[in-house]
1. Quick check: residue separation of residue 688 and residue 778 times 0.36 nm, minus the Cα distance between them. What number comes out in nm?
2. With Kirkwood's inverse mean 1/r over C-alpha pairs for Rh, give me the Rg to Rh ratio of region 45-168, two decimals please.
3. Give the relative contact order (percent, whole number) for region 696-765; include only Cα pairs under 8 Å separated by 6+ residues.
4. If packing is taken as the average count of other Cβ atoms within 10 Å, what order do 766-773, 201-208 fall into, highest mean first?
5. Can you give me the Rg/Rh ratio for the chain, using Cα atoms for both radii and the Kirkwood formula for Rh?
6. Using Cα pairs closer than 8 Å and at least 6 residues apart in sequence, work out the relative contact order for region 487-641, in percent.
7. How far apart, in nm, are two points set 7 Å out from the Cα along the Cα-to-Cβ line at residue 393 and at residue 707?
8. Taking all pairs of different Cα atoms in region 670-718, averaging 1/r and flipping that mean, what Kirkwood radius in angstroms comes out?
Amino acid sequence: MNLQLESSVFLKLLFLLPIIWALSFLAFGRLPLWRMIVSSSLRSLVLALIILALAGLGRVDKLPSELSLIFSADVSDSISQENKAWMANYIKEVDARLPSNIKRGLVVFGSEAQVLSPPENRIKPQDFRWELDTTHTNIASGILSTLKLFPKDTVKRVVLLTDGNENLGNSRQTASIVEKEKIKIFTVEPPPPPTIKEVLVSKMLVPLEIKQNEAFEIRVVVENKNSQEVAGSLSLFEGERLLKKLDASLPPGLSVFDMPYEGSEKGLLEFHAQLEVNEANEDLNKENNHKQAFTNVTGKPKILYVRGDPNKKPFLVEAIQEKDIEVEVKGILDIPNSLQELLRYECLIFSNVPARTLSHNQMETIKTYVGDFGGGFLMVGGENSFAQGGYSDTPIEDILPVKVTAGSTFKEKKPRRVSIILLVDKSGSMTGRKLFATKRASIELLKQLKEGDMMGIIAFDVIPYVIAEMEPVTELEKTILSKLSKLNAGGGTDIFPALKEAYRRLATSGAKINHAILLSDGNTRSIYYSYEALMEQFKQAQISVSTIAVGGWLVNTRLMKDIADRTGGEFYRVKDIDELPKIVVTDTDNTLTRADFHEESFIPRIDPSSELLKGIDQEQVPPLQGYSLTRAKARAEVSLVSDIRGTNDPILANWRYGLGKVVAYTSDAEARWSSQWINWAKYNKFWSQTTRWAMRDKPKGDYTVKVEDRDNKTYLVVESSGEEEKDSQLRLRLFSSNLEANDLSLRQVAPKRYVASLEGYKPGTYTLDVSMLKDNNVIDHMTKPVVVPPPSTVAPPEGLSQGNNTELLEALAQLTHGEVNPTLESIARNTEEVMKREDLSKFLIPLAMGLLLFDIAVRRVGLL
């Protein structure tokens, strides 16, 4: 027996004993000396007993220990039914043979643990029933759940029955925890399962991204789970092209196959491996016999040059071909159809390419390529480009920095012939100021026309009235005032007959440009559909109709706008009737400039501040012989202009459209209009600078993109390098092959590392748009191809493993000083002693109280 104090600090209170003696002599000086000595001694003894109780005086005895045992059994799906039955029998057998004084309990585990029986003298048969998730193996939970079950002051042991194929939790870390609690783990392996007949392509590895013409290795890993060698063949493909077919004998375990490859073409490369096994009964699951992998090949910037006439020498190609730029030349029949094809190029150049060679979808794709993905587009003129090429009112015109006009070809030496008819609504709604403004507009229109042009005026209510028959303007000038005096308001409104009269006259005028201007509120008697055929006739005859809506809220805007849109005219709405003459003048001016191109020698004037013309002076610019007629849009920068016609017609214009850049050069790059430019010393410099400006902006940062599978789910991972501006944010958009855009929901998991789920996206090739935004403005941008892989065909986690993980079971036993596959004697052997402690305060306090009462009796009653 040993006495032991829990806290010796309380012993310092013993220094109070001398004070108690001193106080006793002072307080009880009248008592006899012997009585004061006895009373002080009793008080000192009481204080000492209390101090020893506070210090935790106890008796410690070394006694034989009791043993408590917890069985922890793995019932996850990786344990076969046969092995689960084996575990149950093992537990019952050990339980029956254990001495009765050993407490034993039962825990089972899968994804989590469940206590089936707390420590008792025996485990009952009904205890072998459980309800828990068995899709994973969480050995750690099976160990931790035993901690709260062990009785105190017993030797603690866990008998762990598992195959060791852990896929959830960390059992090694848990073993370190229970070792500190002096718990030993005895691990028991179930019998190994029979060998599975299975051969599969385990992995296919290629670099995520390589440079053009860089060599790399395609690595394929094949796993043979049979116990014997299996004969088969492995085929490697790049797209649909067979790279190599290997006949191989596959030993049990892993086999690695490497094949060298060189990426010569820019873009996304798709590789896949296909495994075939000669004996079908040696591979029972064919779904895992193939794998896909992708690599992105990058290289020097590439430009696509589309030439409209293959018979003409491409002078422009020679001018822009440089060491660090690759130019690919294609004909009009080879223009890319998909966005993925276009994104291989930094810039797209059309040289004298007619619109008829492109479908509407191709034009929309080019528009998306420029606006949403930052691609460059350069349109070069010629007799088949701009208006004469049919680009009016097309998606291509939307992205150009110039407005494409439509009309007929004319040359300077030919007389200008324009025929215009003014259609005037004279119904009752046109009285007063409206009719007066109409007459003024007629006179202003006449003033704009030149000798050789023709003009007529037709008024209408429900029927048309010819106010002025179409005649040369020199003749009409003499009589227009008297003819306009006959124009009076009154009656209903029907536009259709008047339009028919205008068509009949203009269709036979023989003029180069035929145009009608309709002034009305559009509230006609004829039904809307009756105009369909007539509008088609106007369009076929190339007669444009501009409509001017006069009136308040009762205007039939739909009809008026439709007439203008379908005939190639313009629609105007008059808010102030006094503005009517000015609108007519504007529309007439637009009509008179609708010739497609102008041929005459001229020297274009340059803008010296233009970024595109650095190092080029006005004195150095040679003459051009012609150009397509266009009008610069509001935000366009015009670097070269022609004033030969008295107006500033754009020759070189550029602007930013969305994320991309667009340049329009309205002359050609061939000998017809640019014969002197071709031999110009700065021809190459001009086109090199222009093309480089139009090319896609290089991203400021570097963005690494990869697709990862985690827990049978697909994720997109983006990592950015370089400094990110304050308050900036990353935006990801995924575009399908049909240009359908989807914003991805981003989750930042680390600095400059972002993750987005691809759940719900169909397998296939997509285009990823990566944009860095600040204040809703794009400050950095790049695009990359992304492949969403098909759903994984691998088995669930519990079906992936075979055999027992003996290494883990040995590690758990070693960490806790247990054994692997112990005998019954090892499990039940108990040579340990347990130190049991008895607290003596239960005796000390009552004794102190008794002595205190005896002291009182000595002093008060005089027992002694």
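The values are calculated or read from the model by the stated rules, or taken from the named source; none is laboratory data. A quick note: this is a predicted structure, and the numbers were derived from the prediction, not measured. For neighbour counting, all protein chains shown are included, and Cβ atoms are generated from backbone atoms with ideal geometry for every residue, glycine included. Note: areas computed on protein heavy atoms with side chains; ligands, DNA, RNA excluded. Shrake-Rupley method; radii C 1.70, N 1.55, O 1.52, S 1.80 Å.
1. Numbers: separation 90, 0.36 × 90 = 32.40 nm, distance 2.66 nm.
Full-extension gain reported as 29.7 nm.
2. Details: Rg = 19.8 Å, Rh = 16.4 Å.
Rg/Rh for region 45-168 comes to 1.21.
3. On the way: 90 pairs, mean separation 20.5, N = 70.
With pairs under 8 Å counted, the relative contact order is 29 percent.
4. On the way: 766-773: 20.9, 201-208: 16.4.
Most protected by this proxy first, the peptides run 766-773, 201-208.
5. Details: Rg = 48.2 Å, Rh = 37.4 Å.
Checking Rg against Rh, the ratio lands at 1.29.
6. On the way: 196 pairs, mean separation 26.5, N = 155.
Computed value for region 487-641: 17 percent relative contact order.
7. Between residue 393 and residue 707, the label points sit 4.2 nm apart.
8. It works out to 15.3 Å.
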